[in-house]
Amino acid sequence: MKYLDEYRDPQTAQLLLDEIRRITTRHWTLMEVCGGQTHSLLRHGIAAELEGTVELIHGPGCPVCVTDQAAIDFACQLAHREEIVLASFGDMLRVPGSHGSLLDAQATGAHIQIVYSPSDAVELARKHPETEFVFFAVGFETTAPATALAVKQAARYQLENFSLIVSHVRVQPAMESLVQAPDNRVQAFLAAGHVCTVMGYESYESFVNQYQLPVVVTGFEPLDLLDGILACVKQLEANEAMLENRYARTVQAAGNRAAQDLVQEIYQVCDRAWRGFGVIPKGGLELRPEWQQFDALLRFNKPEIPVIKRDECQSFEVMTGQIKPPECPHFGKHCTPESPLGAPMVSSEGACAAYYRYGVTTTP
Ligand code: SF4
C-alpha cells in the first residue's frame, strides 16, 4: 500500500474485523501504549466494533499526561520571574499544576511563549540575549532527539540564556511497571510505532521473554491497528508470546541510530517521577554532567514546592487500564476540554480527550 486512503479502506477493515472475531474464543485485554493510537481507535470506532471480543485499554503513552506535576509547578514558578520566558509546546499550557496551569500563570502575568520545536526556543534565546529562555522539554524517545539537537545548537551559539526543564520519559520502563503491578490486566501490547521508529524494537525481545506477553509494533491508521490487534489475538489464541513488527514501512529493528546517538550524547537514563505513577526506575532521561549548564533545575535552584495532589482526577486509573474515561465520575461533567481536571482531558494524545471528542460516553 502506498497511499493513506489504502490504510483506511472500509472493506479491508471489515475483513480484518471478521477475522479477529472468527478466531477469538475468549475475552482478551490488549493495551495500546500510545495516545495517538487511542485517538485513532476511538475516531474510527474500532474499540466499539470489538466490544465483547477484544477489550482495548489505554496505556500511558501520552507525554503531556505523564509529565510530573512538580515539573509543571516549577515551570509556572519560573515563568513568573521577571527575567525568564518559559517556552513550551501548546499542549502543556492547560495541564493543571498544584496552583493552576501555565495558562493560568500567563493570565496573572507569567511570561510564556508557545513554540513548535525546541530549536524555536534556541532561536528566541539567540535573538534576545537579555532574556533567559527556559524550554519545557517533555515527551518520549520521539521528542528527545529534537531537544538533544537544541542543546547542541545552544552550545554551538555559546548561549548562556538558554536552558531546559528536562522531563523526558522512556516508554519501556513504564510498560514494565504496568505488568509488574499486582492488578495488571494487560495480556498483550500494541507497541507505540513512533517510539519504535526512533528506538527500534530489539529491546522488546528481553521484555517479551521475561513477561511472556505478546508485543506487536503497530502503526496508527485503522488497518495498522486492526492488523496489530489480529496479530496479538493470533498469538494469544495459540498461547504464544512473540515480538512482531507490523509497522515495517516505518520501523526498523535497530531504529534510527543517528537519533539514538544524539540522545546518548546529551542524555543519560535516570529514575523519573511520572504523574500518577510515582517514580519509575529508569523511566526518564536527564542531561549528562557535561551538558548540565543547560539544566534549568541547576541554574535556577528549584525550591521545594509542596505538590498539591489533585485527587479528583483518575488519570492513573485511566492510563493503567483500570477504568475507561467515561467511568470517571467527572468525565464530561466537571471535567471537559474547556475546563479539564486532569491532563488526559486536555492533551491531544489524552485518552479522556479522545472519548470526549469522538462522543464515546459509555464504556465500550
Ligand atoms: S475525565 Fe478528567 S478527571 Fe477524570 S480521569 Fe479524565 S482527566 Fe481526570
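The values are calculated or read from the model by the stated rules, or taken from the named source; none is laboratory data. All values reported here derive from a predicted model rather than from experimental measurement. For neighbour counting, all protein chains shown are included, and Cβ atoms are generated from backbone atoms with ideal geometry for every residue, glycine included. Side chains included, ligands, DNA and RNA excluded: accessible areas come from the protein's heavy atoms. Shrake-Rupley method; radii C 1.70, N 1.55, O 1.52, S 1.80 Å.
Consider G100 against the criteria (1) in the same structural domain as C196 (by the TED database); (2) within 24 Å of E338 (Cα to Cα): it satisfies all of them except one. Which criterion is unmet?
For G100, the exception is condition (1).
Would you confirm whether any residue within region 268-286 is open to solvent by 70 Å² or more (accessible area, probe 1.4 Å) and polar (S, T, N, Q)?
No.
Name the single residue, out of those in region 335-364 being free of Cβ contacts under 8 Å to residues at least 12 places away in the same chain and over 25 Å from E51 (Cα atoms), that is most open to solvent (accessible area, probe 1.4 Å).
Selected residue: E338.
In region 48-62, how many are open to solvent by less than 30 Å² (accessible area, probe 1.4 Å), farther than 21 Å from Q314 by Cα and not in a strand (DSSP E or B)?
Qualifying residue count, region 48-62: 2.
In region 259-299, how many residues are closer than 16 Å to S177 by Cβ and in contact (Cβ under 8 Å) with a residue 12 or more places away in the chain?
Of the residues in region 259-299, 14 are closer than 16 Å to S177 by Cβ and in contact (Cβ under 8 Å) with a residue 12 or more places away in the chain.
Is region 272-282 home to any residue that is among the small types (G, A, S), within 8 Å of the ligand (Cβ to nearest atom), closer than 26 Å to S98 by Cα and modelled with pLDDT under 95?
Within region 272-282 (the criterion being among the small types (G, A, S), within 8 Å of the ligand (Cβ to nearest atom), closer than 26 Å to S98 by Cα and modelled with pLDDT under 95), the answer is no, since none of the residues qualifies.
With the requirement that a residue be among the aliphatic types (A, V, I, L, M), surrounded by fewer than 18 Cβ atoms within 10 Å (Cβ to Cβ) and free of Cβ contacts under 8 Å to residues at least 40 places away in the same chain, what does region 127-158 give you? I'd like the intermediate steps shown before the answer.
So in region 127-158, the residues among the aliphatic types (A, V, I, L, M) come out as 134, 137-138, 144, 146, 148-151, 154-155.
So of that shortlist, the ones also surrounded by fewer than 18 Cβ atoms within 10 Å (Cβ to Cβ) come out as 146, 155.
The one that is among the aliphatic types (A, V, I, L, M), surrounded by fewer than 18 Cβ atoms within 10 Å (Cβ to Cβ) and free of Cβ contacts under 8 Å to residues at least 40 places away in the same chain: A146.
Residue-by-condition table, conditions (1) modelled with pLDDT under 95; (2) out of contact with any Gly (no Cβ under 7 Å at 6 or more places or on another chain); (3) of a type outside the set (A, V, I, L, M, F, W, C); (4) open to solvent by less than 40 Å² (accessible area, probe 1.4 Å):
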| site | (1), (2), (3), (4) |
| --- | --- |
| A79 | no, yes, no, yes |
| H99 | yes, yes, yes, no |
| Q113 | no, yes, yes, no |
| P118 | no, yes, yes, yes |
| V122 | no, yes, no, yes |
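Just give me the residues in region 21-39 being surrounded by fewer than 22 Cβ atoms within 10 Å (Cβ to Cβ) and not in a strand (DSSP E or B), in sequence order.
Within region 21-39, R21, R22, I23, T24, T25, R26, H27, G36 qualify.
R81: among the basic types (K, R) and either within 29 Å of L341 (Cβ to Cβ) or in contact (Cβ under 8 Å) with a residue 12 or more places away in the chain (or both), yes or no?
yes
Looking at (1) more than 7 Å from the ligand (Cβ to nearest atom); (2) in contact with a His (Cβ under 7 Å, 6 or more places away or on another chain); (3) at pLDDT below 90, which one does A351 not meet, given that it meets all the others?
(3)
Sort out which residues of region 230-243 are over 16 Å from V195 (Cβ atoms) and either among the aromatic types (F, W, Y) or not in a helix (DSSP H, G or I) (or both), and write them in order of number. So that I can check it myself, show each step before the final result.
Our first condition is that a residue be over 16 Å from V195 (Cβ atoms); within region 230-243, this holds for 230-242.
Once the filter is applied, which keeps residues that are over 16 Å from V195 (Cβ atoms) and either among the aromatic types (F, W, Y) or not in a helix (DSSP H, G or I) (or both), region 230-243 yields A238, N239, E240, A241, M242.
Out of region 101-111, which residues are surrounded by 16 or more Cβ atoms within 10 Å (Cβ to Cβ) and under 15 Å from I84 (Cα atoms)?
Initially, region 101-111 is screened for residues surrounded by 16 or more Cβ atoms within 10 Å (Cβ to Cβ), giving 101-103, 105-106, 110-111.
Of everything in region 101-111, those that are surrounded by 16 or more Cβ atoms within 10 Å (Cβ to Cβ) and under 15 Å from I84 (Cα atoms) turn out to be L102, A105, Q106, A110, H111.
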